[in-house]
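No value in this document is a laboratory result; all are computed from the given coordinates. Remember, it's a predicted structure, so these values are computed and weren't measured experimentally. Cβ coordinates were reconstructed from backbone atoms using ideal geometry, including for glycine residues, and neighbour counts include every protein chain displayed.
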Amino acid sequence: MDSFLLAHKKEFDVIVLHAQSEFAQLRTGRATPAMVEGLMVEAYGAKAALKSLAAITCPEPRTILISPWDPGILKDIERALGINGMNAAASTDGVRVSLPLPTEEHRVAMVKILKEKVEAQRVKLRQLRDKIRESIQSKAKTKELTEDDKHRLLKELDLEIKKLTDNLDGLAKKKEQEIMTV
């Protein structure tokens with residue numbers, strides 16, 4: 001990859017990482033800490049992300065165990081989970097969230113949401129590509145780049161965008177399989 005495109009590599013990586021985090025939050029038949037770690041909990045008079053207040057583990061395939069570092073906020077965590085419609089129950093070791101098996105209808109709805117999230121990330125990639133393309137075009141107009149360099153950079157940019165789009169599609173396909181597996 002050319003040094004000009006390397007300057008934008010972080011922006012590419014941010015889009016892919018954001019997509020991965022978005023996909024992780026989608027509920028499959030299997031429990032993952034990512035499903036609840038971003039949940040905002042009203043504790044100590046302020047809102048904080050659940051992951052900053054407790055350890056989140058998955059001891060069983062359909063159970064999430066939330067072990068707060070301060071047992072005094074168990075009720076606050078239960079309240080936040082109740083607001084989000086999760087089946088939560090307090091136990092001696094923390095809060096257990098049991099996930100029911102998703103219905104076929106729910107899995108199809110999750111796949112639809114997944115496809116919307118994939119398209120949103122593709123749009124971000126296209127917008128970034130257009131921004132970089134304009135930058136290359138303007139540098140060529142001001143003679144900072146030769147015509148050959150301009151064409152080479154545009155070709156490299158298209159290849160990089162194709163690679164990232166294929167990566168997104170692969171991640172989405174894998175997540176779709178997870179969602180549809182009973």
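Structural remarks
- Acute angle (nearest 10 degrees) that the helix 104-141 long axis makes with the longest principal axis of the chain, alpha-carbon atoms: 30
- Selected from 25, 121, 137 as most flexible by GNM, with the chain as the system and alpha-carbon contacts under 10 Å: 137
- Relative contact order of the chain, defined on C-alpha pairs under 8 angstrom at six or more residues apart (%): 24
- Checking (1) 17.7; (2) 13.1; (3) 9.9 against mean projected area of the Cα convex hull in nm² calculated from these atoms, the matching label is (2).
- Between the listed residues 6, 151, 46, the Cα displaced farthest toward the positive end of the dipole of the chain, a dipole computed from Cβ unit charges relative to the Cα centre, is found at 151.
- For the residue pairs 10/175; 9/115; 75/115; 75/112, the alpha carbons lie more than 29 Å apart in 75/115; 75/112.
- Peptides 66-78, 96-108 ordered by packing proxy, namely the average of other Cβ atoms within 10 Å per residue, highest first: 66-78, 96-108.
- Shape call, region 3-55: gyration tensor on alpha carbons, a/c limit 1.5: oblate
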